[in-house]
Ligand SMILES: C[S@@+](CC[C@H](N)C(=O)[O-])C[C@H]1O[C@@H](n2cnc3c(N)ncnc32)[C@H](O)[C@@H]1O
């Protein structure tokens, strides 16, 4: 699959906006362009900076990419009807919309609520990508205090609006190199029936770590205002970002990453700050346990005091 991003900039050349002539003493504000190959941050000082997340500079690729060779040894998915092309040669061989999402096509563009119900529609992934390439009109990337880069709205959105989709490299579990990757989304493939046991459903991973679109920057919140959900565009299955409540302008977008990512026993600690935040609950639980432990120690200490050895009384 050919990557569709343009190559009009490079991270080393354009990392920080250059200064204007020293005489004027002001910083040059670089205009953000949606066709840039890399992502840029809107900083409070007005200077655009290249996004560097998790020690790498992610590439702006608003498409699915995949290496057919990685699927050569994968078994024919049990959720595929007989006779499909396998190993996959094209994107739709792998993520064709052949499941229960068949009625839900996003149509041509986000933001307008026009869901297409036509099963034989002619909408395409490339049409959708072109129509949504102006994402910087609606969203901007900003550095947050404790959660790395986040996505902020430039417009208000109504509940139910489709805001974008999650793009990236399509990978199998066996082709995954790095277990610390924080940018993986798992997606079912084929026609998954409602009674199929979860552990036997074939899936692929959409990896947005090195190559992805702006949705890779959506942070987690325990009171999220968006969800990722499966829909289709024409014949292609996609994972869209949908607003689950009205979202005002200037608000950070968030999704719930789930208990396996931020939970009561996970290694990662959530810093969303929501009143019902799972990590706050965890901190409260840990504090209560500490208190219990301290009280138990105190009782033991008091007991020790009560039982302390004494010198025998002197008899006169
Ligand atoms: C998919 S990335 C989101 C974009 C990321 N902030 C960035 O700068 O690229 C997920 C990572 O963002 C950070 N993050 C997201 N939500 C967070 C939260 N509620 N609390 C703390 N860190 C968070 C964590 O480092 C997490 O592994």
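Bridges between two residues of region 59-255, per DSSP, are antiparallel at a rate of about 75%. Its Kirkwood hydrodynamic radius, worked out from the mean inverse distance over all distinct Cα pairs, puts region 194-269 at 14.8 Å.
Working note: Cα atoms of region 59-255, range along each principal axis, descending, whole Å: 49, 40, 32. Beta bridges from DSSP with both residues in region 203-288: antiparallel share about 75 percent, rounded to the nearest 5. Label zone of residue 246 (point 7 Å out along Cα→Cβ, amide N under 13 Å): in region 130-155 this covers no residue at all.
Working from Cα pairs under 8 Å separated by at least six residues, relative contact order for region 129-278 is 29 percent.
Any read-out appearing in this document is the output of simple, stated calculations on the displayed coordinates, not a laboratory observation. Nothing here was measured: the structure is a model prediction, and the numbers come from that model. FYI the Cβ positions are ideal-geometry reconstructions off the backbone, even for glycines, and counts take in every protein chain you see.
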